[in-house]
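For reference, the structure is listed below as structure tokens.
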Amino acid sequence: MSADRPNEDFVPVKHKPDSDVDQFRQDGEAAVAWVADYLERVRELPVQARVKPGEIRGTLPPSPPDRGEPFAAVLTDLDELLLPGITHWNHPRFFGYFANSGSEPGILAELLIAALNVNAMVWTTSPAATELEELALDWLRQLIGLPEGLHGHIEDTASTATIVALAAARDLRPGGAVLTSEQANFSVAKAARLVGLECRSLPVDSEFRLRPDALAAEIEGAAAVVATVGTTSTTSVDPVPEIADLCEQSGAWLHVDAAYAGSAAVCEEFRWALAGADRADSIVVNPHKWLFTPFDCSALWTRRPDALFRAFSADPEYIPERASGVIDLKDYGPALGRRFRALKLWAVLRAYGREGLQDLIREHVRLARLFASWVEADPDWEVVAPYPFSVVCFRWQGEDEANEALLRRVNETGEAFLSHTRLNGRYVLRLAVGNLRTTEADVARAWELLREAAAA
Ligand code: PLP
């Protein structure tokens, strides 16, 4: 159909008004009741989905309905058709990757975010969304002991935050390399590739930390260095103060990836991990990893907002003109449209407060240390890396294949889920504590399952 000759046969369909608030109230109560029941019973569900590829899709109609269906049908299908294909990240015995939490205040805030449905692309399009984003990130900055005066904004993920940092660095030193450790998250190499910079992985010491001597040998002319505070495999912490010295001497941008471990700095005893981060050009911390905020929410701070602005600002005609004395968040990252993520972070920070967050993080570290003590006490098992936070890397005495089979067996029980990594060429198991409902009994059960699987 061409634009100047509309289809004459077109008859508009009369839709049911979607502003049926009474129906919404009823559906809403059912949805919140579903969530409450889910949080109560998730412990009883198999942590890892046990379906085959295509199995879930095969149970669903291949085409959309012609007529609208009641929301209750979605809840029914969620229970009956989708849940078997869900791996329950919000399960207290989810110990894989970096375990995380959809906390109750965060879940409710997500509902409010969708209800408001604002787009915080510029201050004018929803002033409260921009100002709450600034405020929530300033609260978080204070909670983890970063210096005043940083520009903060929220990205979806640390991957995007690192793209932002490297784009700013590239504009300052086009053609320079990005240097990081071989233990850095692969999002660093991906971000470098996206902004057109070469990424070089540098060796680590015996505790999986970037070696400053290796960095010193390569840093001349580099555009950026990405130091990690809490690496993905072992949660090792790169020596950021030495790295900051080298970056200052060479003029390279320093980006600190504290996606996981940055949250630990809410507790004074873990502030050491962010030593030197005050000298970074940018730093990322993911509240969606270890700060009880539902996925997604990644906090990025920079000392050099001007560089981000140069990389990302644009003023198309149809966007409202910048109001004076405010910032437009669209100018500091790749996305124009921006969700109101600040609301859920703010809700979580208010609901737990500093002390509540500290209690949870301390408990997770205590549980990880307890688990490590059980592993260390058993001659058939070994801890294979330092465990400064809530993740323990360990293995059974057998070969790689035996450890792999053992992990598979544990995960197949559905009672717990752990993931793995490879260190010094060896297959290694990882237990990551990070769900707010995890108890000592949950960690003990995981240890029991591991030993049973080894015995089998
Ligand atoms: N940095 C580190 C240290 C990580 O462990 C991860 C993911 O686990 C990332 C960055 C990427 O995080 P995101 O999934 O938010 O992009």
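The values are calculated or read from the model by the stated rules, or taken from the named source; none is laboratory data. No experiment lies behind these values; they were computed from the predicted model shown. Reconstructed Cβ throughout: ideal geometry from the backbone, glycine too, with neighbour counts over all protein chains shown. The area values use the complete protein model at the heavy-atom level, side chains included, leaving out ligands, DNA and RNA. Shrake-Rupley method; radii C 1.70, N 1.55, O 1.52, S 1.80 Å.
Annotations for the structure displayed:
- Options Phe371, Phe394; residue that is at pLDDT 95 or above, surrounded by 21 or more Cβ atoms within 10 Å (Cβ to Cβ) and in a helix (DSSP H, G or I): Phe371
- Against the test of being within 15 Å of the ligand (Cβ to nearest atom), part of a loop (DSSP other than H, G, I, E, B) and buried (at least 16 other Cβ atoms within 10 Å of the Cβ), the options Thr231, Thr160 yield a single qualifying residue, Thr231.
- Verdict on Arg338 being within 30 Å of His153 (Cβ to Cβ), crowded, with 18+ Cβ neighbours inside 10 Å and not aliphatic (A, V, I, L, M): yes
- Only one of the listed residues (Leu215, Leu172, Leu197) is farther than 28 Å from Gly425 by Cβ, open to solvent by less than 40 Å² (accessible area, probe 1.4 Å) and in the same structural domain as Arg271 (by TED's automatic domain parsing). That residue is Leu197.
- Scanning the range 349-357 for any residue that is within 22 Å of Arg445 (Cα to Cα), open to solvent by 30 Å² or more (accessible area, probe 1.4 Å) and either in a loop (DSSP other than H, G, I, E, B) or of a type in the set (Lys, Arg) (or both) turns up nothing.
- Scanning the range 270-278 turns up one or more residues that are away from the ligand (no atom under 16 Å from the Cβ) and small (Gly, Ala, Ser).
- Selection count where residues are within 24 Å of Arg271 (Cβ to Cβ) and open to solvent by less than 10 Å² (accessible area, probe 1.4 Å), scope the range 175-187: 2
- Enumeration of residues in the range 133-154 that are open to solvent by less than 70 Å² (accessible area, probe 1.4 Å), of a type outside the set (Val, Ile, Thr) and within 18 Å of Ala280 (Cα to Cα): Leu137, Asp138, Leu140, Arg141, Leu143, Gly145, Leu146, Pro147, Leu150, His151, Gly152, His153
- Matching residues, the range 252-281, being without any contact (Cβ under 8 Å) to a residue 60 or more places away in the chain and either part of a strand (DSSP E or B) or of a type in the set (Val, Ile, Thr) (or both): Leu254, Val256
- When restricted to residues that are among the basic types (Lys, Arg), within 16 Å of the ligand (Cβ to nearest atom) and either on the phi > 0 side of the Ramachandran plot or outside any loop (DSSP other than H, G, I, E, B) (or both), the range 186-219 contains 2.
- Residue in the range 338-359 that is of a type in the set (S, T, N, Q) and either away from the ligand (no atom under 16 Å from the Cβ) or not assigned by TED's automatic domain parsing to the domain that holds Ile144 (or both) present: yes
- Residues in the range 403-436 that are out of contact with any Cys (no Cβ under 6 Å at 6 or more places or on another chain) and of a type in the set (Val, Ile, Thr): Val410, Thr413, Thr421, Val433.
- Matching residues in the range 295-325 - criterion: being surrounded by fewer than 21 Cβ atoms within 10 Å (Cβ to Cβ) and either within 24 Å of Ala114 (Cβ to Cβ) or touching a Pro at 6+ places or on another chain (Cβ under 9 Å) (or both): Phe295, Asp296, Arg303, Phe312, Ile319, Pro320, Ala323
- Scoring Ala222 on the criteria (1) away from the ligand (no atom under 16 Å from the Cβ); (2) assigned to a loop (DSSP other than H, G, I, E, B); (3) surrounded by fewer than 22 Cβ atoms within 10 Å (Cβ to Cβ) leaves a single failure, condition (3).
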